[in-house]
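The structure appears right after this line, and notes come after that.
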Amino acid sequence: MTTAVAAADARPEFAAVRAAIARIPRVDIAIRNTPLIEAPNLARHLGGPRIFVKRDDLTGVAMGGNKLRNLEFRLARTLQEKPDTVIVGLDLQSNSARQTVGACNKLGLETILVLEGARPNQVQGNLLVDYLLGAEVHFAREQRRLLNSLAEDCRRKGRRPHILNDNPMFDVASAIAYLETMMEMLEQLDALGAKPTAFYMSSSGKGAAGFEIARKLFGGFAVHCVTATSEFDVPTRTAKIANETCEALGLELRLAPGDITNFGGFVGERYGVPSEAGNEATRLFARTEGIILDPVYTGKAAAGMIAHIRAGRFSRDDDVVFVHTGGQPAIFTWNQLWADGGGATT
Ligand SMILES: Cc1ncc(COP(=O)(O)O)c(C=O)c1O
């Protein structure tokens, strides 16, 4: 297996951006410099370019994933208010919620989750991990009202709550985190003697904004993010987040929606519902490389990459990188897709 970890500051052109990032308050939560490994069996199976996988599912807290990187900036901002309790409203099966509770545990903060919808009969996936991590979990259709009333309850009891949904950093923190991850990967690829043609990642704007800033600054590769939702205009959102991020970092660069490449054709029926192509990609990664994706985000992004390789977009001389952003607990909420072979083979 070919793996690489980043050589420190191997590319001098990264120094100014790293210095700008270093000015943003941050706490140490995630394992960064995650491995970047070659996936030769998958590449052989597809008969296309060399494939590398950035294992950002291995960021180390509460089963890992992409949100731990941005929580380093978001929670640093939160800590300025000196809270003892973080209250956050998110989706019922949210990867973000799970990682937030894990991160808060590391910082000695209590977490109250307000998850959208009703408590399911089967407690599985991210929700199961939320309970294991010790979060106080509430369910609501009207999240905002409950967030406010739980904060009020906390204050009455002498606690110091912070509603994380009101923290203005979410978008920009994610973009900064993935701008940094791109620099990390470019150094790792240098160490392997690889020249990336394209990066694939599941993103509906936040992480993608960081990648697109990196592409504009450092050039020479394509960013092929794949969205898991059709709920908004992803290029417009990505460019907006990229510009807010450049402003926060003091960079003069600005991006327009036309600068953004994001593939919207792999969502399937809708957000949160597995797709046939995503399930096939999830099986293929598992069966060729032993890498577990998820059917909601990473499986759909991998389906995009696989479709493009099958369509002949890349030659054997190209190096393509798949960025694994985590999300594996969802395989347990969708267990029937895989049970007894899931009715499909590779
Ligand atoms: C596993 C996984 N991948 C990708 C994403 C998309 O991240 P973003 O749109 O913030 O870049 C998410 C978002 O929750 C996620 O949980």
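The values are calculated or read from the model by the stated rules, or taken from the named source; none is laboratory data. Everything quoted here is computed from the prediction, not taken from an experiment. Using ideal geometry, Cβ is built from the backbone for each residue, glycine included, and neighbour counts are taken over all protein chains shown. Accessible surface areas use protein heavy atoms only, side chains included; no ligands, DNA or RNA. Shrake-Rupley method; radii C 1.70, N 1.55, O 1.52, S 1.80 Å.
Taken together, the residues in region 219-265 that are out of contact with any helix residue (DSSP H, G or I) (no Cβ under 8 Å at 6 or more places or on another chain) and loosely packed, with under 14 Cβ neighbours inside 10 Å amount to 5.
Conditions tested, residue by residue: (1) assigned to a loop (DSSP other than H, G, I, E, B); (2) under 20 Å from P35 (Cβ atoms); (3) over 19 Å from the mean Cα position of the chain (by Cα).
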| position | (1), (2), (3) |
| --- | --- |
| G278 | no, no, no |
| R283 | no, no, yes |
| T288 | no, yes, yes |
| D294 | yes, yes, no |
| A301 | no, yes, no |
| M305 | no, yes, no |
| S315 | yes, no, yes |
| V320 | no, yes, no |
| G326 | yes, yes, no |
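Per the listing T236, T245, the residue uniquely assigned to a helix (DSSP H, G or I), touching a residue at least 12 places away in the same chain (Cβ under 8 Å) and closer than 22 Å to V17 by Cβ is T245. Checking each residue in region 81-101 for being small (G, A, S) and farther than 19 Å from G327 by Cβ picks out only G89. Of the residues examined, G250 is not one that is away from the ligand (no atom under 15 Å from the Cβ), of a type outside the set (V, I, T) and within 18 Å of P49 (Cα to Cα).
One line per residue, one yes/no per condition, for (1) surrounded by 24 or more Cβ atoms within 10 Å (Cβ to Cβ); (2) under 20 Å from I309 (Cβ atoms); (3) basic (K, R); (4) away from the ligand (no atom under 13 Å from the Cβ):
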position: P35; (1), (2), (3), (4): no, no, no, yes
position: L46; (1), (2), (3), (4): no, yes, no, yes
position: D56; (1), (2), (3), (4): yes, no, no, no
position: M63; (1), (2), (3), (4): no, no, no, no
position: K67; (1), (2), (3), (4): yes, no, yes, no
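For the condition under 18 Å from the mean Cα position of the chain (by Cα), farther than 21 Å from D319 by Cα and assigned by TED's automatic domain parsing to the domain that holds I21, S203 does not qualify. For R98, state whether it is more than 28 Å from V53 (Cα to Cα) and not in a strand (DSSP E or B). Spelling it out, it is not the case that R98 is more than 28 Å from V53 (Cα to Cα) and not in a strand (DSSP E or B).
Of all residues in region 276-292, at least one satisfies being open to solvent by 50 Å² or more (accessible area, probe 1.4 Å) and at positive phi. For region 302-340, a residue qualifies if it is of a type in the set (F, W, Y), more than 16 Å from the ligand (Cβ to nearest atom) and touching a strand residue (DSSP E or B) at 6+ places or on another chain (Cβ under 7 Å), and exactly one does: F314.
Only one of the numbered conditions (1) more than 14 Å from the ligand (Cβ to nearest atom); (2) open to solvent by 10 Å² or more (accessible area, probe 1.4 Å); (3) over 27 Å from H162 (Cα atoms) is violated by R23, and that is (3).
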